[in-house]
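Student: Quick one: the structure is below, and I'll ask about it shortly.
The values are calculated or read from the model by the stated rules, or taken from the named source; none is laboratory data. Given the structure is predicted, the values throughout are model-derived calculations rather than measurements. Here the Cβ is made from the backbone with ideal geometry for all residues, glycine too, and neighbour counts use every protein chain on show. Heavy atoms of the whole protein, side chains included, go into the accessibility calculation; ligands, DNA and RNA do not. Shrake-Rupley method; radii C 1.70, N 1.55, O 1.52, S 1.80 Å.
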Amino acid sequence: MKKVLKTLALVGVFSLGLVLAACGSNKSADTTKTTTVKIGVVGSDNRVWKHIQPKLKKEGINLKIVEFSDYSQPNSALADGDVDLNAFQHQFFLDDWNKKHNQNLTTIGKTIIAPMAIFSKKITKLSQLKKGDSVSIPNDATNEARALELLKTNGFITFKKGTGNLPTPNDIKTNKLDLDIKVLDAAQLPSSLQDVTASVINSGVALNAKLDFNKALDIEKVTKASIPWINIIVAKKKDVNNKTYKKIVKAFQTNDTKKYIKKIYGKTELPAWDYKF
């Protein structure tokens, strides 16, 4: 009888061991499970996102970076479900795009602010611009307005009374040098430098084209008025509280990321999620 009880006890312990092992096995499987999230960006300079990929990997998130060649694509890709998030635009651009396309893509986090700059391969300072010279600017409504504001700040143009937040070339009242303002797709601006005297170019496009910001004729000043130009991470409205996406925002908005941005970009891209104006 004692032998039987001993045998049953051993079987019980062995069975319990199997149960615990099974539980441990399930727990291990859970921790190794990964979720793939596709994030749409513009251009190939994705050093910051690649910097946080390993952190997200530890949290079970496989962040896949999907590159687009111009600003017209990532929002459509997000709306169509080809990507889960995107990070390439500022709030003004998103608001304008949503209005034009009857969509409700939504901001879930701030990233950086990237000042626009004026570049040239023909002159070395803005005072060398002369009557009739040509200047190219982006053709999307928000960055077009931003480029015109930079020309206004430098005293080349003024706007008509009552001009709103998004001026167009039609809102120009005075153009003291009769500059020929050419409106082009943002991605074409670097190549346009061969044909124009100067060009007002978005930071991301300029970096992707390997333009030297130290040789820029002028760089946009960051002030409180720059808040609408802060870049954002965007999701579909239904995903605004998605826990995985919130982890991605949190992984971006760290002091480590801030130091990395400053290290590789200097003054051309500035961490802006907690910017104090």
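Student: When both residues are 6+ apart or on different chains and their Cβ atoms are under 6 Å apart, which pairs have a first residue that lies in the range 157-180 and is more than 18 Å from V135 (Cα to Cα), and a second that is open to solvent by less than 60 Å² (accessible area, probe 1.4 Å) and of a type in the set (D, E)?
Tutor: K160/D171; T163/D171
Student: Taking L85, is it surrounded by 12 or more Cβ atoms within 10 Å (Cβ to Cβ) and either under 30 Å from L166 (Cβ atoms) or small (G, A, S) (or both)? If you could, list the steps in order and put the result at the bottom.
Tutor: Values: surrounded by 12 or more Cβ atoms within 10 Å (Cβ to Cβ): yes; either under 30 Å from L166 (Cβ atoms) or small (G, A, S) (or both): yes.
Answer is yes for this residue.
Student: Can you find a residue in the range 96-104 that is surrounded by fewer than 22 Cβ atoms within 10 Å (Cβ to Cβ), in contact (Cβ under 8 Å) with a residue 40 or more places away in the chain and charged (D, E, K, R)?
Tutor: Yes, the range 96-104 contains a residue that is surrounded by fewer than 22 Cβ atoms within 10 Å (Cβ to Cβ), in contact (Cβ under 8 Å) with a residue 40 or more places away in the chain and charged (D, E, K, R).
Student: Next up: Give me the residue from the range 163-179 that is over 30 Å from N75 (Cβ atoms) and in a loop (DSSP other than H, G, I, E, B) and, out of that set, most open to solvent (accessible area, probe 1.4 Å).
Tutor: Just the residues of the range 163-179 that are over 30 Å from N75 (Cβ atoms), to begin with: 173-179.
So of that shortlist, the ones also in a loop (DSSP other than H, G, I, E, B) come out as 176-179.
On the way: K176: 136, L177: 34, D178: 85, L179: 11 Å².
That would be K176.
Student: State whether one or more residues within the range 109-130 are free of Cβ contacts under 8 Å to residues at least 24 places away in the same chain and either open to solvent by 10 Å² or more (accessible area, probe 1.4 Å) or closer than 20 Å to W49 by Cβ (or both).
Tutor: Among the residues of the range 109-130, at least one is free of Cβ contacts under 8 Å to residues at least 24 places away in the same chain and either open to solvent by 10 Å² or more (accessible area, probe 1.4 Å) or closer than 20 Å to W49 by Cβ (or both), which makes the answer yes.
Student: Farther than 29 Å from Y275 by Cα, open to solvent by 30 Å² or more (accessible area, probe 1.4 Å) and of a type outside the set (S, T, N, Q): which single residue out of K182, K152 fits that description?
Tutor: It is K182.
Student: State yes or no: is A225 open to solvent by 30 Å² or more (accessible area, probe 1.4 Å) and closer than 18 Å to P271 by Cα? Can you show your working first?
Tutor: Working: open to solvent by 30 Å² or more (accessible area, probe 1.4 Å): yes; closer than 18 Å to P271 by Cα: yes.
So A225 fits the description; yes.
Student: Right, here's the next one. Can you name the strands (runs of 3 or more DSSP E) wholly within the range 46-133 that have at least 1 residues being touching a strand residue (DSSP E or B) at 6+ places or on another chain (Cβ under 6 Å) and more than 27 Å from K215 (Cα to Cα)?
Tutor: In the range 46-133, 61-68, 85-90, 106-113 are the strands (runs of 3 or more DSSP E) which contain 1 or more residues that are touching a strand residue (DSSP E or B) at 6+ places or on another chain (Cβ under 6 Å) and more than 27 Å from K215 (Cα to Cα).
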